[in-house]
Amino acid sequence: MRVGILTAGGDCPGLNAVIRAAGRKLLREGHEPVGLLRGYRGLAHQEHRSLDHEALSGLLPMGGTILSTSSYDPFRHDDGPALVRAAMERCDVDAVIAIGGEHTMEITRELHAQLGLPVVGVPKTIDNDIVGTDRTFGFDTAVHVATEAIDRLHSTAQSHDRVMVVEVMGRNAGWIAVTAGIAGGADGILVPEVDIPVEQIASTIRQRHDRGKDFSIIVVSEGARLAFEDGSSKKVRANETTDEYGYERLGGIGAALAQELEAATGYETRVVVLGHIQRGGTPTATDRVLATRYGVAAAEAVMAEHYGTMVALRGSEIVPIPLAEVVGVKGVDLRLLELATTFF
């Protein structure tokens with residue numbers, strides 16, 4: 001069997017580990033893995049590369065993806081579905097392993113439902129917001145990076161008696177902000193799921209100063225809204241444009257929040273935006289192991305012809321679940337946010 005492997009959407013630590021694991025498992029069982037370049041674009045436009053033993057060597061610690069990535073969606077192009085159908089009719093590949101986030105799983109679900117594409121999904125995102133799986137690979141690495149940044153900011157904030165606002169990724173869910181905030185001892189956390197008024201954060205900061213703590217660390221997800229006690233709120237965007245696939249460009253909530261907090265408290269406030277630093281670099285050991293397990297499980301699902309599924313972590317086991325169940329966004333567990341408030 002000739003099995004295409006693709007990576008789509010945003011890059012993420014551990015992508016190469018999945019490619020390696022799925023490819024090696026397929027080779028071991030006598031099948032031929034093929035790299036589809038730049039996500040589903042590679043399938044539609046016959047952009048392939050060989051994934052032999054040499055190509056799969058040395059990938060485990062590498063960040064990024066050797067297959068490149070894009071957010072190409074066949075259904076957003078008039079000729080997209082026809083190109084995908086033609087690729088399958090030509091037998092470019094017999095099945096596809098699609099590694100990606102929420103949007104990629106949505107595309108994959110529709111390609112299977114509408115075109116009968118024999119596909120298995122692998123959940124990838126640093127945001128940990130994919131429905132149906134307990135954990136996505138890449139999340140642990142992103143949290144580790146954010147936590148290390150918060151640790152470093154503690155010393156400089158304390159030295160200068162400053163409030164430091166740390167903006168982390170998290171378009172629709174606040175998993176990185178909450179987890180890194182707890183691990184790094186943040187004094188306030190803002191997430192997309194809950195509007196927390198600026199006045200409440202400012203009050204917390206003033207109370208810390210009254211207790212002799214002349215610095216504070218506030219962590220905010222990029223998708224959180226700037227909210228006030230009068231009930232007004234707004235989502236802050238980098239600009240009014242969208243990307244080529246219609247997604248708004250977020251960014252700037254950290255700076256907007258810092259400005260409001262400085263005005264409300266009178267304390268010098270600075271902002272640090274971690275941005276794509278959270279996506280880059282080598283994956284943690286935890287993500288390497290999880291990515292490896294996902295890759296092998298995806299290859300096994302393809303060989304068993306369990307198409308139209310996504311391999312998911314459920315407890316300690318990885319199992320295939322129907323892509324039809326992978327709908328929407330998995331919001332942060334608000335019990336974690338409640339836990340964090342204990343230390344504010």
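When Rg and the Kirkwood Rh are both derived from Cα coordinates, the Rg/Rh ratio for the stretch 1-110 amounts to 0.95.
Rg/Rh for the stretch 63-180 (Cα atoms only, Rh after Kirkwood) is 1.15.
For the stretch 142-279, the fraction of C-alpha pairs more than 19 angstrom apart is 46%. Across the stretch 57-71, coupling constants 3J(HN,Hα) worked out from phi with the 6.51/-1.76/1.60 Karplus curve, θ = phi - 60°, read 7, x, 7, 3, x, 7, x, x, 8, 6, 9, 6, 8, 7, 9 Hz, and Gly and Pro carry x. Taking other C-beta atoms within 10 Å as the exposure proxy, VAL329, VAL96, VAL18 rank VAL329, VAL96, VAL18 from fewest upward. Here ILE189, ILE253 are placed in order of increasing Cβ neighbour count within 10 Å, fewest first, which gives ILE253, ILE189. Less than 14 Å apart at the alpha-carbon level, and either on another chain or at least 8 residues along: which aspartates and glutamates does that give for LYS124? Filter leaves ASP11, GLU102, GLU106, ASP134, ASP140, ASP287. Length gained on full extension, ARG314 to PHE228, computed as 0.36 nm times the residue gap minus the Cα-Cα distance: 27.1 nm. Ordered by the count of other Cβ atoms within 10 Å of each Cβ, fewest first, GLU248, GLU338 give GLU338, GLU248.
In this label model, ALA264 and HIS276 are separated by 3.3 nm, measuring between points 7 Å along each Cα→Cβ vector.
Measuring between their Cα centroids, the stretch 1-59 and the stretch 272-289 lie 21 Å from each other.
Each residue of the stretch 97-107 was assigned a 3J(HN,Hα) from its phi angle through the Karplus curve 6.51 cos²θ - 1.76 cosθ + 1.60 (θ = phi - 60°); the sequence is 9, 9, 9, x, x, 4, 5, 5, 5, 5, 4 Hz, with glycine and proline shown as x.
Under 1.5 on a/c is rounded, so check that first for the stretch 136-176, then, if it is not, pick prolate when a/b is larger than b/c and oblate when it is not; a ≥ b ≥ c are the square roots of the alpha carbon gyration tensor eigenvalues. Oblate, since a/c reaches 1.5 and b/c is not below a/b. Here the average projected area of the convex hull drawn through the C-alpha atoms of the chain stands at 17.6 nm².
On the beta carbon distance between ARG152 and ASP214, with R0 = 25 Å, the FRET formula returns roughly 0.85. How would you classify the stretch 200-296 from its alpha-carbon gyration tensor, with a ≥ b ≥ c the square roots of the eigenvalues: rounded for a/c under 1.5, else prolate if a/b is greater than b/c, otherwise oblate? Oblate, since a/c reaches 1.5 and b/c is not below a/b.
Relative to its residue count, the stretch 225-344 spans a Cα convex hull of 217 Å³ per residue. In this structure the amide hydrogen of ILE130, modeled in the peptide plane, comes within under 5 Å of the amide hydrogens of LYS330, none closer than 5 places in sequence on its chain. Expressed to the nearest 5 percent, the antiparallel share of DSSP beta bridges inside the chain is 35 percent.
Put a dot 7 Å past the Cα of ARG135, heading toward its Cβ, do the same for GLU338, and the two dots end up 2.3 nm apart. In percent, rounded to a whole number, the relative contact order of the chain is 23, using alpha-carbon pairs under 8 Å and six or more apart.
A short reminder: the numbers here are calculations on the coordinates, not readings from a lab. The shown structure was predicted, so the numbers you read here are calculated from the model rather than taken from an experiment. So basically every Cβ, Gly included, is an ideal-geometry build from the backbone, and we count neighbours across all protein chains shown.
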